[in-house]
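A.B. asks: Provided herewith is a single structure, encoded as structure tokens, for subsequent inquiry.
None of the figures in this text is laboratory data; all of them are computed from the coordinates on show. Everything numeric in this text was worked out from a predicted model, so none of it was measured. Backbone-built Cβ (ideal geometry, glycine too); neighbour counts: all protein chains shown.
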Amino acid sequence: MAEHMTNPELVQSGSHRSDGNSTSPTGKISIIVVNWNGKNDTLECLESLLKISYSNFDVIVVDNGSSDGSVGAIRSRFPEVIVLETGRNLGFAGANNVGIRHAVAARARYVFLLNNDTVVDPQVLRKLADAAERTPAGGVFGAKILSYYEPSRIWYAGAKWDSKNIGFSHVGQGETDEGTKYCAFQKTDYACGCALFVSADLVRDVGMMDEKFFLTFEEVDWCYRAKERGFPSYYVPDAIVYHKISTAFGGESSPLFQYFLTRNKLLWAEKYLPPGQRFVLCGRVACLALQCLLPARPRQTGKAPMNFLKDYWKTLSAKRGDPHRKAILCGIRDYLFRRFGDCSETIKQMCRQGGPRRGEQVRGTPEVLDSTHICR
């Protein structure tokens, strides 16, 4: 772990306990929460973990080099939480790997990866552990994820690959959770990394998350690798998590989100899609690149040819300067040049120039390949 961490600190190892009436299977569960300048979200998440009705678990916060006072606030309010400082931003994959290694070395039986912008139902660990215990062959288990802002609104009730549209979709996304649909424990194409539960045995067999992804598609890759090793993914409908969705990105229309989504989907497809579907995807990416580079032909309205060309060039320049379009093009370029892991400082600076607030949409920006499943 030394290659990833700068003076990691073990604050205090211990188990949260509820009222003592809850029982648990043999062995400990470690909850891993990654934090990067998300102090308020992380504190609220940890507060919800105190209410879990399960007797044998600990919480590991992996801090990715925050500068917002997160570490001090967490240690002050939650001295029982284990805090590991990486010293720099390792991304979702790298930071979770730090936490997973620590948990497995400390003999945790299960590991629960949880986004910091969530709050959990008190029964979440019990339901996930029960599902895992009922599945002796093992697997990757995903919770039902509801909207934090609209608690009756489903965000994830399983995932499905659409070979026709060459993309994933979340089952039930946007529907009202009335308790009559999506209630069955069943296999799914992948478990969402927002709330993902695995055994230490699976980790030893499958290995860690691939840090080339850094952010987005890392959990999809992990689930597909696990499936290749005989561990399917399962949707656990009575394990409930409430998610704020993509606060670390600034929203799913942010340039940074689009950069990682574009690059990493191509990397994932290279590893798992059959040749025919890869060919279709590459064709769509080529069209997307052209759409980013070339403006739609402006309508002629009786203007002189010179004015028409000026307008056309003005439109082209604005389009090429748009940070969302540039992020997509950089994602394609970096995939082709095999630049994986974190993005460059140049791309980060470019992405800071544009990024809608939550709920805003970017007008005139090409639709990204698909974005439903990797919002953080």
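A.B. asks: Would you calculate the separation in nanometres between label points at Cys282 and Ser169, each defined as 7 Å from the Cα along the Cα-to-beta-carbon direction?
C.D. replies: Those two pseudo-labels are separated by 2.7 nm.
A.B. asks: Could you compute the net charge surrounding Lys348? Neighbours are other residues with a C-beta less than 15 Å from the C-beta of Lys348; K and R count +1, D and E count -1.
C.D. replies: +2
A.B. asks: Let me ask something else. Place a point 7 Å from the Cα of Ala105 along the Cα-to-Cβ direction; which residues of region 69-89 have their backbone N under 19 Å from it?
C.D. replies: 81-89
A.B. asks: Of Trp268, Trp155, how do they rank once you tally other Cβ atoms within 10 Å and put the fewest first? If you can, show how the numbers build up before the last one.
C.D. replies: Numbers: Trp268 20, Trp155 24.
Ordered from fewest to most neighbouring Cβ atoms within 10 Å, Trp268, Trp155 come out as Trp268, Trp155.
A.B. asks: Could I ask something else about it? Calculate the radius of gyration of the Cα atoms of region 28-243 to one decimal place, then report Dmax, the largest Cα-Cα distance, as a whole number, both in Å.
C.D. replies: Spelled out, the Cα radius of gyration and Dmax of region 28-243 are 16.2, 51 Å.
A.B. asks: Now a separate question. Once you compute Rg and the Kirkwood Rh from C-alpha atoms, what is the Rg to Rh ratio for region 147-214?
C.D. replies: Details: Rg = 14.7 Å, Rh = 14.3 Å.
Across region 147-214, the Cα-based Rg/Rh ratio is 1.03.
A.B. asks: Let me ask something else about it. Quick check: residue separation of Leu336 and Asp130 times 0.36 nm, minus the Cα distance between them. What number comes out in nm? Display every interim value, and only then the final one.
C.D. replies: Working: separation 206, 0.36 × 206 = 74.16 nm, distance 4.36 nm.
Here the segment from Leu336 to Asp130 would lengthen by 69.8 nm.
A.B. asks: Another question, if that's okay. Could you tell me which GluC sites (Glu not before Pro) in region 155-211 are loop residues by DSSP with no more than 12 other beta carbons within 10 angstrom of their beta carbon? Could you put the intermediate results ahead of the total?
C.D. replies: Details: sites: Glu175, Glu178, Glu211; in loops: Glu175, Glu178, Glu211.
Sparse-neighbourhood loop GluC sites (Glu not before Pro): Glu178.
A.B. asks: Between their Cα atoms, which of Lys127/Lys187; Lys212/Lys271; Lys144/Lys164 are more than 20 Å away from each other?
C.D. replies: Numbers: Lys127/Lys187 16 Å; Lys212/Lys271 13 Å; Lys144/Lys164 26 Å.
In this structure, Lys144/Lys164 exceed 20 Å between Cα atoms.
A.B. asks: Sort Lys181, Lys127 so that the residue with the fewest other Cβ atoms within 10 Å of its own Cβ comes first and the one with the most comes last. Present the calculation step by step, with values, prior to reporting the outcome.
C.D. replies: Values: Lys181 14, Lys127 21.
With the fewest neighbours first, Lys181, Lys127 line up as Lys181, Lys127.
A.B. asks: Could you line up Ser30, Ser67, Ser48, Ser163 from fewest to most neighbouring Cβ atoms inside 10 Å? Before the final figure, lay out the partial values.
C.D. replies: Details: Ser30 23, Ser67 8, Ser48 17, Ser163 11.
Going from least to most buried by this count: Ser67, Ser163, Ser48, Ser30.
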